[in-house]
Amino acid sequence: MTTESPELADSMANISSPRSRRPQAKTSLCSSVGTVEFVELDLSSFASVRCCASSLLARDICLKVLVNNAGMNSETISSPLTVDGFETLFQVNFLSPFLLTVLLAPLLVRNSPSRVIHVSSQMHRMSSATISDFTAFTKPIGSALRPGAYAASKLGNVLFAYELHRRLSCLGVSSVAVTPGTVASDIWRNSPGCIRACTKWVCLSTAKGAATSLHASTVVFATPDKFIYISPYYVLKSCPCLDMYNIYVGPTECKSSNRSYNSQLASNLWDLAAEVTNCRLELPSSSLKAPPQNPIPKADIPLSVKKKQ
């Protein structure tokens with residue numbers, strides 16, 4: 001697999017399209033990389049996440065790369081609370097990806113070198129959430145969306161990416177955070193018509209958005225031990241927040257927000273997520289092995305996790 005594959009990026013972009021286009025995406029991916037399977041997953045339900053993870057664990061698949069890509073913004077929410085009683089946006093964007101990743105950790109370790117890609121957003125830079133704020137996001141609030149929920153969930157993605165790297169990199173599992181950029185995807189489907197029209201002119205194509213995750217999944221990093229955040233925009237080292245308003249240059253390593261490197265906040269957020277999802281990181285001795293010298297994955301079969309519409 002190579003990062004210089006526009007056909008593969010196009011195919012990956014189609015995975016997040018409506019169910020009606022799934023056969024087209026499968027055909028396109030099969031022509032690029034071979035065998036492809038679709039796995040159903042509803043991120044608004046912890047039961048669905050556990051069912052999906054259980055089926056994969058039972059099959060003992062060779063899981064080399066897990067891309068936590070599915071997500072939503074405030075305009076794609078049909079119900080403010082999930083069946084589990086949590087704020088929908090925060091569960092779909094952060095809690096359920098956390099649960100899925102921790103449940104699949106034994107597979108990732110057993111098949112190391114492996115990698116987890118966490119799709120965040122440049123909006124994570126807008127969040128100054130504390131552990132108290134994150135705790136509040138796990139409490140039901142009725143019909144209103146709590147301000148700052150999206151940015152906080154995306155900060156949570158980066159914090160989780162770095163904390164997972166702290167805990168599992170010694171076992172050959174690397175963890176990378178990315179922003180795909182502002183992409184003209186179906187995430188805008190419930191936005192006003194004028195906004196949907198503008199996305200075609202000011203947003204990146206879905207193929208360019210997917211290219212960032214593809215790059216993060218396959219590239220050999222020069223310094224794999226450090227925390228890695230990848231943006232598709234040109235970023236000044238002196239002012240990394242400009243990746244919110246800059247020109248497209250392709251996947252590029254840069255700094256995430258200062259807050260995202262707070263190890264205490266990341267550890268506390270991990271503990272909070274583990275508590276509310278009732279899931280602790282457990283690695284059976286059978287899944288452990290000596291860590292490889294160069295923890296870089298070579299993806300075999302891409303695994304697509306599709307959120308039910």
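The values are calculated or read from the model by the stated rules, or taken from the named source; none is laboratory data. Note that the structure is a prediction, hence the values are computed from the model and not measured. We place every Cβ from the backbone using ideal geometry, glycine too, and count neighbours over all the protein chains shown.
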Only one of VAL173, VAL183, VAL158 is over 13 Å from TYR229 (Cβ atoms), among the β-branched types (Val, Ile, Thr) and modelled with pLDDT of 85 or more; which?
-> VAL173
If you go through the range 261-281 one residue at a time, how many are of a type in the set (Gly, Ala, Ser) and within 20 Å of LEU104 (Cβ to Cβ)?
-> 3
Does ARG259 satisfy being closer than 21 Å to THR138 by Cβ, surrounded by fewer than 15 Cβ atoms within 10 Å (Cβ to Cβ) and modelled with pLDDT of 90 or more?
-> no
Residue that is surrounded by 24 or more Cβ atoms within 10 Å (Cβ to Cβ) and either among the aliphatic types (A, V, I, L, M) or closer than 18 Å to GLU40 by Cα (or both), where the choices are LEU100, LEU57 = LEU100
Taking interchain pairs and intrachain pairs at least six residues apart, which have beta carbon atoms under 6 angstrom, with the first residue in the range 204-232 and within 13 Å of VAL116 (Cα to Cα) and the second outside any loop (DSSP other than H, G, I, E, B) and aromatic (Phe, Trp, Tyr)?
-> PHE227/TYR162
Residue check: is TYR233 over 17 Å from the mean Cα position of the chain (by Cα), surrounded by 13 or more Cβ atoms within 10 Å (Cβ to Cβ) and modelled with pLDDT of 75 or more?
-> yes
Of the residues that make up the range 299-306, is at least one in contact with a helix residue (DSSP H, G or I) (Cβ under 8 Å, 6 or more places away or on another chain), of a type in the set (Lys, Arg), over 20 Å from SER121 (Cα atoms) and at pLDDT below 65?
-> no
In this structure, does ALA105 turn out to be in a helix (DSSP H, G or I), under 22 Å from SER231 (Cα atoms) and of a type outside the set (D, E, K, R)?
-> no
Positions within the range 106-125 being more than 22 Å from SER44 (Cβ to Cβ) and not charged (D, E, K, R), in sequence order | PRO106, LEU107, LEU108, VAL109, ASN111, SER112, PRO113, SER114, GLN122
Residues located in the range 236-250, provided they are modelled with pLDDT of 80 or more and closer than 17 Å to LYS154 by Cα = none
Would you point out which residue out of VAL83, VAL116 is touching a residue at least 12 places away in the same chain (Cβ under 8 Å), part of a strand (DSSP E or B) and of a type in the set (A, V, I, L, M, F, W, C)?
-> VAL116
Index of the failed condition, ILE117 passing every other in (1) modelled with pLDDT of 95 or more; (2) of a type in the set (Val, Ile, Thr); (3) out of contact with any strand residue (DSSP E or B) (no Cβ under 6 Å at 6 or more places or on another chain) | (3)
